[in-house]
Amino acid sequence: MKNNFQDILYEFLKSNEISQTDFARAIKIKPSQVCEWLRGKSKPSYDMLKKICLTLDISADYFLRITDTF
């Protein structure tokens with residue numbers, strides 16, 4: 001099980017068949033920011049992580065790897 005954010009996000013997008021562009025659109029950011037996260041060049045802020053979880057109805061525990069289910 002991978003524990004860094006880029007791998008967790010990649011796994012989430014792939015298992016839910018969500019494109020980077022659709023994900024970015026859903027949380028109202030530029031697709032380039034999602035690309036930065038997936039490359040490990042940056043991570044979302046606390047507020048952005050909260051927005052991701054609320055928008056997609058996912059527990060933050062999943063992205064923090066406290067649990068492996070969303």
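All conditions in (1) modelled with pLDDT of 95 or more; (2) open to solvent by less than 60 Å² (accessible area, probe 1.4 Å) hold for LYS30, with the sole exception of (2).
Considering the range 43-70, and only residues there that are of a type outside the set (A, V, I, L, M) and open to solvent by less than 40 Å² (accessible area, probe 1.4 Å), the residue that is farthest from the chain's Cα centre (by Cα) turns out to be ARG65. So which residues in the range 58-70 are part of a helix (DSSP H, G or I) and of a type in the set (Ser, Thr, Tyr)? Passing the criteria: only TYR62. For the range 17-50, filtering for residues that are closer than 16 Å to ASN4 by Cβ and in contact with a Ser or Thr (Cβ under 9 Å, 6 or more places away or on another chain) leaves 2. Counting the residues of the range 1-27 that are open to solvent by 70 Å² or more (accessible area, probe 1.4 Å) and within 18 Å of ASP47 (Cβ to Cβ) gives 0.
The values are calculated or read from the model by the stated rules, or taken from the named source; none is laboratory data. Only a predicted model underlies this, so the values are computations on that prediction, with no experimental measurement involved. All Cβ positions, glycine included, derive from the backbone under ideal geometry; neighbour counts span all protein chains shown. Note: areas computed on protein heavy atoms with side chains; ligands, DNA, RNA excluded. Shrake-Rupley method; radii C 1.70, N 1.55, O 1.52, S 1.80 Å.
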